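These notes are about the structure you will find just below.
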Amino acid sequence: MKILFATNNAHKLSEVSEVLGDGFRLLTPRDCGVTEEIPETQPTLEGNALQKARYLHERTGLDCFADDTGLEVAALGGAPGVRSARYATDGHDFAANNRLLLKNLEGTTDRRARFRTVIALILNGEEHLFEGIVEGRIIDAERGAEGFGYDPLFIPDGGDKTFAEMSAEEKNAVSHRGRAVRRLAAYLHSIEK
Ligand code: ITT
């Protein structure tokens with residue numbers, strides 16, 4: 001099955017294609033001639049995921065899906081949440097975001113946090129949402145070089161490695177995105193029959 005993934009994030013693309021496996025061929029916006037930044041201006045993950053998927057669907061007419069993800073930190077009232085990409089600056093500056101997160105948590109003993117992914121799928125003109133959550137905690141200094149974004153600061157419950165110390169396979173097995181994508185895949189398989 002051929003399906004368009006509305007992302008400009010290469011890390012996400014490789015995580016998602018690994019979980020979906022050989023049965024799916026993922027197209028990118030660039031493959032379809034869309035090279036501009038896809039707008040994400042909504043106040044919720046659900047709103048942004050739908051906005052990205054609708055934007056591409058309107059331009060290409062193809063079945064497509066988008067993922068919007070946020071890191072929700074308990075002691076910060078759920079921040080950075082939907083603003084995770086632009087926490088410290090207007091761009092996607094992972095290092096600056098991580099520095100700001102550590103600064104805002106200085107002296108805080110409650111380190112609980114979770115990643116939440118919402119996937120919006122538009123298939124045959126109909127919209128569907130899938131969610132994946134992983135609970136964990138924020139450590140006080142970066143560890144590991146794999147993954148992206150806040151991965152070097154996040155340890156999922158039940159282990160002691162950060163996401164950035166895990167292989168892609170290990171991260172996908174427990175991550176927010178892995179969970180959401182397995183739900184998406186189950187749905188796509190169920191309607192293929
Ligand atoms: P697209 O919108 O093009 O898909 P993006 O990087 O803007 O890519 P999001 O808005 O979904 O993606 O993600 C917001 C930010 O959250 C992202 O820039 C990272 O800093 C962080 N993030 C998302 N998924 C993550 C993950 O699996 N591990 C660590 N950080 C992540």
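Descriptive notes on the structure:
- For the chain, the calculated P(r), taken from all Cα-Cα distances in 10 Å bins from zero up to the bin holding the longest distance, is 9, 37, 35, 15, 3, 0 percent.
- Cα-based shape type of region 85-136, given that a ≥ b ≥ c are square roots of the gyration tensor eigenvalues and the cut on a/c is 1.5: oblate
- Taking every alpha-carbon pair under 8 Å whose residues sit at least 6 apart, region 1-141 reaches a relative contact order of 21 percent.
- Top positive-direction residue, dipole computed over region 55-193 with Cβ charges, set Ala145, Leu100, Ile122: Leu100
- Cα gyration tensor category, rounded, prolate or oblate, for region 59-172 with a/c compared to 1.5: prolate
- Checking every one of the GluC sites (Glu not before Pro) in region 6-106 against DSSP loop status and a limit of 16 other Cβ atoms within 10 Å picks out Glu36, Glu37, Glu106.
- Rounded to the nearest 20 debye, dipole of region 13-143 from Cβ charges on Lys, Arg, Asp, Glu: 420
- Between 0 and 90°, nearest 10: helix 176-192 axis offset from the chain longest Cα axis: 20
- Between 0 and 90°, nearest 10: helix 94-104 axis offset from the chain longest Cα axis: 40
All of the numbers you see were taken from the coordinates with simple rules; none came from a lab. Because the structure is predicted, anything quoted here is derived from the model rather than measured. Don't worry about glycine lacking a Cβ; one is built from the backbone with ideal geometry, like all the others, and counts go over all protein chains shown.
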